[in-house]
């Protein structure tokens, strides 16, 4: 920040005289001489110590808060809440009203003593850098014999009523979502899914399909790299998806929890049920800030016990109220109360906005992620083993918690082609099963996920390049070689029919000027998916129904295309 001389040079002579009077300095008539003399006097260590001693405890406390801020500066709105405001005064009003004789706030007293200044168009308040180095901020009027106050540890409560234990069904529902994205066209709509697609998935989800939970699933899939956008549609990324699907459940939960911590795509503020957020104006909240505040403050809760949600929120309110508003601005965000439709502006609405956001994060996303158990309608919480690991209280558990499904359940196949996979079935195996079957029925803890092998599902698998012999091998492996003979015969019959069926289809040939350019196209994911078999060093097959999409992808990569032989 600016030095003291630079700061004083921006004041008018009358304000310099007011400050000089408090430092017992007689100024010369010239402005330049006044700045030099006042700066020299204020940077005298003994004078600075004497001024510090004259301050009230409240003034010293406000100044110490500012001195403890990064670069000894903070947003003026934030400091206003700590120390009050400095009324704007021109020279005439300053002479007439003499506000320095009866300051309206601690900030005003500090300002007319020259200890604080405003910059950045009055948006920032700061202490001049060279003056800050001289102030004896270690000397206070408070009793320093007592230890400094730390964040108060929350007491552990007795076993509450109405416990809702967190589970890891988000892992299972994300697996289901990846299957849907592999088989169908699932477009991204406003960083989530359309209501139509969301409701279509409802029978196959274990957890709720409300907008917030589904948006979290979509964000986790994209932000962790398990899925990506291909055009408008979400598609699993083969290597990343397999690595996650084939991991043990604790590792899957950890990947999702840490992905949630880093995600800016999922914004909890938009889903708090008591709020209506308007995306107008220039303001933009950073969803990471609220999560960071919560994870930091969870260090004060009992590691293995129940605690009151209101007490945790009140601790944040008292100690770090601006956790998601670094500029201390409580007036320019466009947020309404969902019931009254009234704007919630000003720090007096902190609990209705900021507090409500904290409450939602703890009882919704963190509960869905398996991190927090809740009870008494969300009034009481407890960290799970996964939650304790996320906030650094313990190591990540290598095995699922006692309430999680036992891992390693095999897939079963009935004589009619009905296949069942339980929650404890390896998620990658369930994903593979869904590629060549049709969903039937919903999901239940007793029956698990049910699929049926049909001619339609086998035809779809064939289009994806899955052969009948691969399906037989897969089923034998995941069932422990317990596949009914009738199913094996059905698949072998289908394989024979595949082999004996002649197929005539219309194809296009893409010819490139050089082999190097064709090699480069195969390295571009958005182009490679439209390319078929190579016909030589400079040519490749293209399906007729993918011609236009390929042309668009090539042009997006600055390669002009000349189409010949088109109707």
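Worth a mention:
Residues checked against (1) over 24 Å from residue 383 (Cβ atoms); (2) in contact (Cβ under 8 Å) with a residue 24 or more places away in the chain; (3) under 22 Å from the mean Cα position of the chain (by Cα); (4) not in a loop (DSSP other than H, G, I, E, B):
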{"site": "155", "(1), (2), (3), (4)": "no, yes, no, no"}
{"site": "160", "(1), (2), (3), (4)": "no, yes, no, no"}
{"site": "166", "(1), (2), (3), (4)": "no, yes, yes, no"}
{"site": "172", "(1), (2), (3), (4)": "no, yes, yes, yes"}
{"site": "175", "(1), (2), (3), (4)": "yes, yes, yes, yes"}
{"site": "179", "(1), (2), (3), (4)": "yes, yes, no, yes"}
{"site": "182", "(1), (2), (3), (4)": "yes, yes, no, yes"}
{"site": "185", "(1), (2), (3), (4)": "yes, yes, no, no"}
{"site": "196", "(1), (2), (3), (4)": "yes, no, no, yes"}
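- Answer residue from segment 442-461, given it is in contact with a helix residue (DSSP H, G or I) (Cβ under 8 Å, 6 or more places away or on another chain) and loosely packed, with under 15 Cβ neighbours inside 10 Å and is farthest from residue 172 (Cα to Cα) among those: 455
- Within segment 20-37, the residues that satisfy the criterion of being crowded, with 19+ Cβ neighbours inside 10 Å and more than 20 Å from residue 101 (Cα to Cα) are 34, 35.
- For the residues 540, 527, the requirement of being touching a residue at least 24 places away in the same chain (Cβ under 8 Å) and touching a helix residue (DSSP H, G or I) at 6+ places or on another chain (Cβ under 6 Å) singles out 527.
- Matching residues in segment 369-402 - criterion: being more than 24 Å from residue 162 (Cβ to Cβ) and within 20 Å of the chain's Cα centre (by Cα): 389, 390, 391, 392
- Test: residue in segment 227-239 that is outside the structural domain of residue 291 (by TED's automatic domain parsing), assigned to a loop (DSSP other than H, G, I, E, B) and surrounded by 18 or more Cβ atoms within 10 Å (Cβ to Cβ): yes
- Being under 28 Å from residue 226 (Cα atoms), buried (at least 20 other Cβ atoms within 10 Å of the Cβ) and at pLDDT below 95 is a property that does not hold for residue 424.
- Screening residue 187 with (1) over 30 Å from residue 319 (Cα atoms); (2) modelled with pLDDT of 95 or more; (3) crowded, with 20+ Cβ neighbours inside 10 Å gives one miss only, at (3).
- When the helices (runs of 4 or more DSSP H) confined to segment 41-104 are screened for residues that are over 38 Å from the mean Cα position of the chain (by Cα) and surrounded by fewer than 16 Cβ atoms within 10 Å (Cβ to Cβ), those reaching at least 3 such residues are found at 45-54, 91-97.
- Residue count for segment 271-284, restricted to those that are more than 16 Å from residue 316 (Cβ to Cβ) and in contact with a helix residue (DSSP H, G or I) (Cβ under 8 Å, 6 or more places away or on another chain): 5
- For segment 451-464, a residue qualifies if it is out of contact with any strand residue (DSSP E or B) (no Cβ under 8 Å at 6 or more places or on another chain) and under 14 Å from residue 495 (Cβ atoms), and the qualifying residues are 455, 458, 459, 461, 462.
The values are calculated or read from the model by the stated rules, or taken from the named source; none is laboratory data. Everything quoted here is computed from the prediction, not taken from an experiment. With ideal geometry, Cβ positions are generated from the backbone for all residues, glycine too; neighbour counts draw on all protein chains shown.
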